[in-house]
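A quick write-up on the structure given underneath.
The values are calculated or read from the model by the stated rules, or taken from the named source; none is laboratory data. Every value quoted in this text rests on a predicted model; they were computed, and no experiment measured them. In this analysis, Cβ positions are derived from the backbone assuming ideal geometry, glycine residues included, and neighbour counts consider all displayed protein chains.
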């Protein structure tokens, strides 16, 4: 199950990028290596490479996002693609036929790639399954399921600082239950063979079968980050404070908020990450967020290079397919 | 319509679990009823003889839960289309839950359904009356009037009565008139936004889960109320092992409670959701392999006395969306018998018990004199080949709903004739 074969072509090349589940370590490593190559583009005087020249990328955001959309847009532009930005309110597309109609309309405009964000888990799979075969679909976050480019940019950032994954202890703190970022990180860490992965949260924010995610569960922050090489803080939505999940921001910060003092049990050279935007004083205090161990802004820069890598890989597969058809 | 003909069904293996018959016996039909078994009565001249050599002849199947979508959901299916599918599936009696639009909470809606079904003439449709007005769970309905209008049982469809006092009153009032309550145990709050079993797969897919406790909490409450009130309660669509154990324990203590399971619950598991297959979006959800095995065992022991289709035909658009916003349910009438026979193939049940769960078991729960084949019985009959292999495809589906995860699957067991009140309502071409 969840092999997500739909995202690979018969030769194992990346057609769509929907989830990290089912992708090989070789492919993830290739993606990280390619990201490395694209990092330098940002430092050139002319910040463009022509890999996707003449291609049209549509950013299809059914859920609002500024940062993710912007980094996808920049990534596409650095690859010389033309970019369409569409913000579509979810309420207008509650019905599936409308979502398909939106797709069909864009396909009729000969869009080559959809970058999709949607509030429902499985939305990117749905779109990939129903899109025209020549279109690539990149998941920019679907419900609680997956946010694979975020997962990969986090892996890239970890590799930059720590090198090999096999001896690393990675602690993920916060709302794992609702987090597509956490699911993608956990999937990538499993595939890349991280030494130990931990998740730290009260039981209300831990999925029922956490062992399926390959992580050890902790409920005490100090214990959970002890000897960690990497501490990843997850964003906590304010709406989780209502009802039966959490009593208050105050108590959450008291127990699970990252401070310099609580970080003391981690390895001295531990890095601190956060997918952003940070709720200062909820997930962590500003001293940590802006401190020497924080790599949060590097994550943002790396995000552009990772997205360039993913887009160029999918477009490369499209070109192979087109060439194959021309030969045939 | 012409009077039903005198028909003889010869050379078949007659299996009637209600009377314990299992032998090669001819069935002779006159006036819509079984005239005799075995040799034809003196002076009986069949106008038509059906050669059932190599086939099983059994009572027409009784399905405790099938949505026909009429009134209110005619874009999905109709009574005419779905009773045609029922006939092709050997199902002669269908109980339809009250969540039509409008809800079956007035005699007029109940009569509309039974009369439309009678005009279509392919299956008996027994409406289940709504326990509360509009299925809102607040005000009990006019159950005596609904009973007079043909509602054999009272149901709350998939809606949960959250107000315990209303649930108690509904049980007491229904039992005043000898009406059985059909309840699908599911705690509204624990289900929340859930759209699949809360477990390993929901954890990986990030889909909101429906915990087992959503069912067991509601079941425990309603078992306690059934015990307090002495009402006859039938629990629809159990989905987990613990529910089956709770049911068996209550039955052992003498409570008048019964239960059914949907056929697909005995085959599918959470793993079948795979990569967000919306045809496996079900309510209740399919759960773990252990749950499936426990439900199979409860069916084998007879604690779960009926297997039903939980037929829910949909238009294609209902399943063409991201998984959580698709509509739950399977178009399931035509897989009811083959899946149940699959249990025979896997050694879970004997053929007679399998037929019993589809005939005498559900008929008894409905309290109707159906699901049996003895002289004098209403001649609702299913004639099927228990071994015939076939593949379910959009082309073979008779139902207007094409939404089923069993498309493309090899099935075993196929209906060849269906008789309703002595009339042939389905006939497959040459064997």
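Side notes on the structure shown:
- Filter result for residue A:113 (more than 9 Å from every other protein chain (Cβ to nearest Cβ), in contact (Cβ under 8 Å) with a residue 24 or more places away in the chain and farther than 19 Å from residue A:85 by Cβ): no
- Of the residues making up segment B:180-208, those that are touching a residue at least 60 places away in the same chain (Cβ under 8 Å) and within 14 Å of chain A (Cβ to nearest Cβ) are B:193, B:194, B:195, B:196, B:197, B:199, B:200, B:201, B:202, B:205, B:207, B:208.
- Spans of helices (runs of 4 or more DSSP H) in segment A:1-110 with at least 2 residues within 14 Å of another protein chain (Cβ to nearest Cβ), at pLDDT below 95 and crowded, with 18+ Cβ neighbours inside 10 Å: A:96-108
- Residues located in segment B:69-87, provided they are within 15 Å of the chain's Cα centre (by Cα) and more than 27 Å from residue B:143 (Cα to Cα): B:85, B:86, B:87
- Residue that is modelled with pLDDT of 95 or more, in contact with a helix residue (DSSP H, G or I) (Cβ under 6 Å, 6 or more places away or on another chain) and away from chain B (no Cβ under 13 Å), where the choices are A:194, A:171: A:171
- Test for residue A:210: is it surrounded by fewer than 20 Cβ atoms within 10 Å (Cβ to Cβ), touching a strand residue (DSSP E or B) at 6+ places or on another chain (Cβ under 6 Å) and either modelled with pLDDT under 95 or farther than 24 Å from residue A:13 by Cα (or both): yes
- Test: residue in segment A:168-181 that is more than 18 Å from the chain's Cα centre (by Cα) and in the same structural domain as residue A:248 (by TED's automatic domain parsing): yes
- Against the test of being closer than 14 Å to residue B:233 by Cα and buried (at least 24 other Cβ atoms within 10 Å of the Cβ), the options B:174, B:157 yield a single qualifying residue, B:174.
- Meets criteria (farther than 23 Å from residue A:33 by Cα and touching a residue at least 24 places away in the same chain (Cβ under 8 Å)) for residue A:316: no
- Any chance residue B:299 is more than 14 Å from chain A (Cβ to nearest Cβ) and over 19 Å from residue B:186 (Cα atoms): yes
- Residue A:172 vs. criteria in contact with a strand residue (DSSP E or B) (Cβ under 6 Å, 6 or more places away or on another chain), surrounded by 24 or more Cβ atoms within 10 Å (Cβ to Cβ) and within 25 Å of residue A:62 (Cα to Cα): no
- Per-region count, segment B:353-371, residues touching a residue at least 40 places away in the same chain (Cβ under 8 Å) and surrounded by fewer than 21 Cβ atoms within 10 Å (Cβ to Cβ): 4
- Condition met for residue B:234 (buried (at least 20 other Cβ atoms within 10 Å of the Cβ), touching a strand residue (DSSP E or B) at 6+ places or on another chain (Cβ under 6 Å) and under 25 Å from residue B:384 (Cα atoms)): no
- A residue that is within 14 Å of chain A (Cβ to nearest Cβ) and either touching a helix residue (DSSP H, G or I) at 6+ places or on another chain (Cβ under 6 Å) or at positive phi (or both) can be found somewhere in segment B:255-269.
- Residue match in segment A:295-311 (condition: surrounded by 17 or more Cβ atoms within 10 Å (Cβ to Cβ) and in a loop (DSSP other than H, G, I, E, B)): yes
- Residue A:199 being buried (at least 24 other Cβ atoms within 10 Å of the Cβ) and more than 15 Å from the chain's Cα centre (by Cα): yes
- Matching entry among B:342, B:350 (being out of contact with any strand residue (DSSP E or B) (no Cβ under 7 Å at 6 or more places or on another chain), surrounded by fewer than 24 Cβ atoms within 10 Å (Cβ to Cβ), more than 13 Å from every other protein chain (Cβ to nearest Cβ) and farther than 27 Å from residue B:213 by Cβ): B:350
- The residues of segment A:291-313 that are without any contact (Cβ under 8 Å) to a residue 12 or more places away in the chain and over 22 Å from the mean Cα position of the chain (by Cα) amount to a single one, A:292.
- Residue match in segment B:305-315 (condition: closer than 30 Å to residue A:125 by Cα, in a helix (DSSP H, G or I), within 14 Å of chain A (Cβ to nearest Cβ) and out of contact with any strand residue (DSSP E or B) (no Cβ under 6 Å at 6 or more places or on another chain)): no
- Just one of the listed residues (B:174, B:170, B:214, B:226) is part of a helix (DSSP H, G or I) and within 14 Å of another protein chain (Cβ to nearest Cβ), namely B:214.
- Residue match in segment A:146-153 (condition: within 14 Å of another protein chain (Cβ to nearest Cβ) and farther than 22 Å from residue A:36 by Cβ): yes
- Complete set of residues in segment A:123-145 that are within 7 Å of another protein chain (Cβ to nearest Cβ), in contact (Cβ under 8 Å) with a residue 60 or more places away in the chain and under 12 Å from the mean Cα position of the chain (by Cα): A:145
- Where residue B:427 falls short, out of the listed (1) out of contact with any helix residue (DSSP H, G or I) (no Cβ under 9 Å at 6 or more places or on another chain); (2) touching a residue at least 24 places away in the same chain (Cβ under 8 Å): (2)
- Residues of segment B:408-421 that are over 16 Å from residue B:12 (Cβ atoms) and touching a residue at least 40 places away in the same chain (Cβ under 8 Å): B:411, B:412, B:420, B:421.
- Qualifying residues in segment B:283-304 (those that are assigned to a loop (DSSP other than H, G, I, E, B) and free of Cβ contacts under 8 Å to residues at least 60 places away in the same chain) - the one nearest to residue B:371 (Cα to Cα): B:302
- The listed residues are A:154, A:120, and the only one of them that is in a helix (DSSP H, G or I) and in contact (Cβ under 8 Å) with a residue 12 or more places away in the chain turns out to be A:154.
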